[in-house]
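This report concerns only the one structure given below.
Quick note: the coordinates plus some simple rules give every number you see, no bench work behind them. The model shown is predicted, which means the values in this text are computed figures rather than measured ones. With ideal geometry, Cβ positions are generated from the backbone for all residues, glycine too; neighbour counts draw on all protein chains shown.
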Amino acid sequence: MASNRKPPKAAWILLLVVMVPQLGLTLANPSNTAIAGELDTSVAAVEATLTAYMVGYAVSMFVSGTLADRFDATRLQAVGLGLFAAGCVFAALAPTVAFLGVSRFLQALGGTSTTVLCRIIVQRRYPADRRISVLTTMSMVISLTPSLSPLVGGLAAQVLDWRALFLVLAVFAVAMVPLILALGGAVADNPRLPSPRQFAGALRQALTNARFRWYVGAISLVWMTYFGFVSSSTTILQDLMGQSAVAYGALMAVPALGYLSGSMLVKRASDASRAVVHGLGLGLVGVAGALALAALGVTGRPVPVVAAMAVTFIGVGATIPFTQAGLLGLELDYPGVAAGLFFFIQMAGGAGFSALVRALSLTTVPAFLAVIVIPQIIVTVMVFGGRVAATPK
């Protein structure tokens with residue numbers, strides 16, 4: 001049962017902790033060209049390590065969510081942070097791009113458990129009427145950090161090489177371990193691991209729940225657009241548009257403003273489902289802008305590109321916290337398994353879409369823009385063509 005008593009610092013600690021894997025995702029992105037040169041490979045191959053990271057992300061969702069039904073979520077999170085730090089050290093020592101990819105998978109396998117575990121901590125420590133506010137702020141941190149950290153990484157790359165950046169991440173993750181443990185226990189009311197039969201039943205229960213399917217479908221689609229842009233951003237802005245590492249980082253901060261606007265729209269709304277409709281409606285303007293730029297054949301002007309994505313991401317920022325809060329409001333027998341499945345589908349969708357974009361071997365900015373916005377068009381049709389799931393309570 002959620003406790004009304006919690007230390008005031010709890011929310012701040014959770015926000016710091018959820019930053020860890022997001023920094024791991026994109027802090028080194030401005031150095032991708034330097035990494036490719038040192039490891040004697042292509043920028044596309046280095047970008048593919050982000051897909052490996054997202055695969056680890058997806059696996060972590062299932063494992064951490066299931067274990068949280070039996071074990072203390074805060075202790076599990078401490079273990080995950082340690083595993084992330086180990087992956088960072090291996091990445092710093094990587095002699096080849098393949099070794100770097102495996103290291104990034106290990107990073108994600110441990111660190112990205114924050115996506116599930118920190119939300120489970122919120123579920124177990126916060127009353128229902130306060131969750132959406134905390135989750136919205138947490139969601140903003142999770143999704144804004146990959147867009148803002150390239151600016152930090154680009155500036156840091158002027159004085160540190162990419163290997164040092166991974167070591168800095170390792171130190172940061174280790175520093176979070178005593179903080180997360182200081183929050184105290186977050187154990188389920190009835191701690192238990194499901195048997196294989198119960199596990200299959202929990203998956204079936206979630207997948208046959210219409211609201212679960214709506215929430216997971218919506219979040220997966222907007223995440224495909226979001227991660228599709230983030231994972232291709234080095235190619236788009238640096239390779240094809242010739243931007244420096246620092247300029248790349250500054251440009252990536254622009255779409256983050258759109259995401260922030262969408263999240264704030266939901267956070268401050270009295271009717272969250274209506275806010276999602278408005279957010280995706282505004283996002284449709286950005287989608288139209290991106291398609292217009294594609295039709296016009298934009299090749300060398302980065303500001304219109306990131307501006308179009310910023311408006312598009314208003315819809316992303318509105319949809320993600322709404323669906324996450326909706327998940328926590330579902331009455332399911334094994335909420336940890338359901339949460340693991342939810343985020344597994346989201347992250348696997350992002351990884352799969354990113355791999356598809358790379359497999360298309362796109363060579364122009366217009367082509368990237370036209371493909372990346374397709375999933376958000378689909379979720380917008382879902383919302384405007386049917387009923388939005390009920391507002392989370």
Checklist outcome for this item: Exactly one of Pro196, Pro191 is loosely packed, with under 15 Cβ neighbours inside 10 Å, in contact (Cβ under 8 Å) with a residue 12 or more places away in the chain and either within 21 Å of Ser354 (Cα to Cα) or not hydroxyl-bearing (Ser, Thr, Tyr) (or both), and that residue is Pro191
Checklist entry - Looking at (1) of a type outside the set (Lys, Arg); (2) in contact (Cβ under 8 Å) with a residue 60 or more places away in the chain; (3) in contact with a His (Cβ under 9 Å, 6 or more places away or on another chain), can you tell me which one Leu265 breaks? => result (2)
Item to check | Some residue of the stretch 205-216 being touching a helix residue (DSSP H, G or I) at 6+ places or on another chain (Cβ under 8 Å), in contact (Cβ under 8 Å) with a residue 60 or more places away in the chain and on the phi > 0 side of the Ramachandran plot | outcome: no
Checklist entry - Among the residues of the stretch 18-70, which ones are among the β-branched types (Val, Ile, Thr), closer than 30 Å to Arg197 by Cβ and crowded, with 20+ Cβ neighbours inside 10 Å? => result Val55, Thr66
Item to check | Search result, residues across the stretch 81-108 that are under 18 Å from Leu67 (Cα atoms) and surrounded by 23 or more Cβ atoms within 10 Å (Cβ to Cβ) | outcome: Leu81, Phe84, Ala108
Checklist entry - When the stretch 288-305 is examined, which residues are found to be part of a helix (DSSP H, G or I), aliphatic (A, V, I, L, M) and surrounded by fewer than 24 Cβ atoms within 10 Å (Cβ to Cβ)? => result Ala288, Leu291, Ala292, Leu293, Ala294, Ala295, Leu296, Val303
Item to check | Given (1) over 16 Å from Thr137 (Cα atoms); (2) in a helix (DSSP H, G or I); (3) touching a helix residue (DSSP H, G or I) at 6+ places or on another chain (Cβ under 8 Å); (4) of a type outside the set (Lys, Arg), index of the condition Ile320 fails | outcome: (1)
